[in-house]
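Asker: Handing you this structure, nothing more for now.
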Amino acid sequence: MNTINLKKVNQTLGFFSMTIAWALMNLIYTFYLVWKDGKAVESGVVIFWSGLFITIAWAIFVIWPLNRLDHSGQLFKPQIFPFITGLYGVLAYSIIVGSLFGFDLAVMFMPLALLTGVIFGLSYSLFIRSDNLILVLSQRPYLKIVLFISPAIILFFFLWVLPTIGPSLVFRYMTDEIRNKIVDNTIQKYKVGDDFNQLNHALPGYFEGFENGSGNVSEETENFGFVLQVNCNKIIRIVYGNPKDVDMTIYGKLQDKPCK
């Protein structure tokens, strides 16, 4: 371990390790929500607040210890450090969130704090053992900028690139806001007479109330609304636009007509 060069980059590696911990924790939590509820409900709230609290925790609880502790000691071994940082993460989280919002809310998301701390400790303990990585960062300071803006890069990739190139694949895993945008953009591509199965595959899990290829739904957000009625896997009525300008009424039981 090159301790001289490590001193120059340990805060960069610490911040990047926190970023990895934040990203992986949210990814794991998103998969858990999809497994439990079929979609990542309110995952955007967790992404935002966890990012804010982790940044505060890094500034208050991480910067000073990384400057003071001896990185060549046993403490920073990958077999030891993650367990210490896991407990440390729970402590920091409890202090920050508990003092602001009360202990009941802190307990609710404490497992995520533990997971974040463990991932941070594992990432950091592995990074500081890579002499090549430390040498590159110390010789090319501009690369530090890339690591410090990595949270923005990750958000851009997850919240813009993925929904753009594969909206149906990531639909269940997106935040509520992104999922609504995907619905709005997808609905506008269909018309009366189109095959409902194609629309259903484009928005997996969204039309769970439809049975045997028939059903209806009326949804609206602030600037977009739509009515969809389906019978025998064919779209028999679809209207969309600004809710103020669109008839959002579901007429009769069009979807209950017998199939020809």
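Asker: In whole angstrom, how far apart do the alpha carbon centroids of segment 125-143 and segment 1-72 sit?
Answerer: Spelled out, the Cα-based centre of one part sits 18 Å from the other.
Asker: A further question follows. Rounded, prolate or oblate: pick one for segment 176-256, where a ≥ b ≥ c are the square roots of the eigenvalues of its C-alpha gyration tensor, a/c under 1.5 means rounded, and failing that, prolate if a/b is larger than b/c, else oblate.
Answerer: In terms of gyration-tensor shape, oblate.
Asker: Same structure, new question: Place a point 7 Å from the Cα of residue 59 along the Cα-to-Cβ direction; which residues of segment 93-124 have their backbone N under 18 Å from it?
Answerer: 93-101
Asker: Just how large is the dipole of the chain about the Cα centre, in debye to the nearest 20, putting +1 at every Lys and Arg Cβ and -1 at every Asp and Glu Cβ?
Answerer: 780
Asker: Grab the beta carbon distance between residue 37 and residue 245, set R0 = 41 Å, and tell me the FRET efficiency rounded to 0.05.
Answerer: Step by step, r from the Cβ atoms, then E = 0.80.
Asker: Please compare each pair in 39/191; 189/234; 7/144 to a cut-off of 24 Å on the Cα-Cα distance and tell me which ones are over it.
Answerer: 39/191, as the Cα separations exceed 24 Å there.
Asker: For a quick check, take a GNM of the chain with Cα springs below 10 Å and name the residue from 112, 100, 75 with the largest mean-square fluctuation.
Answerer: Judging by the Gaussian network model, the answer is 100.
Asker: Additional query: Determine, for each peptide in 41-47, 92-98, 216-222, the mean count of other beta carbons within 10 angstrom over its residues, then list the peptides with the highest first.
Answerer: Ranking the peptides 41-47, 92-98, 216-222 by packing returns 92-98, 41-47, 216-222.
Asker: Moving to a separate point now. Give the share of C-alpha pairs in each 10 angstrom bin for the chain, from 0 to the last occupied bin, in whole percents, shortest bins first.
Answerer: Going out from 0 Å in 10 Å bins, the chain shows 7, 24, 24, 18, 13, 10, 4, 1 percent.
Asker: So how do 58, 35 line up by other beta-carbon neighbours within 10 Å, fewest first?
Answerer: Listing 58, 35 from fewest to most nearby Cβ atoms yields 35, 58.
Asker: Calculated from DSSP H runs of 4 or more alone, at -39500 (n - 2.57) each and per residue, what is the 222 nm mean residue ellipticity of the chain, nearest 500?
Answerer: After summing the helix terms and dividing by the residues of the chain, the value is -18000 deg cm²/dmol.
Bear in mind that the values in this text are calculations on the coordinates, not laboratory data. Keep in mind that what you see is a predicted model, and the values were worked out from it rather than measured. Virtual Cβ from ideal backbone geometry, glycine too; neighbours counted across all protein chains shown.
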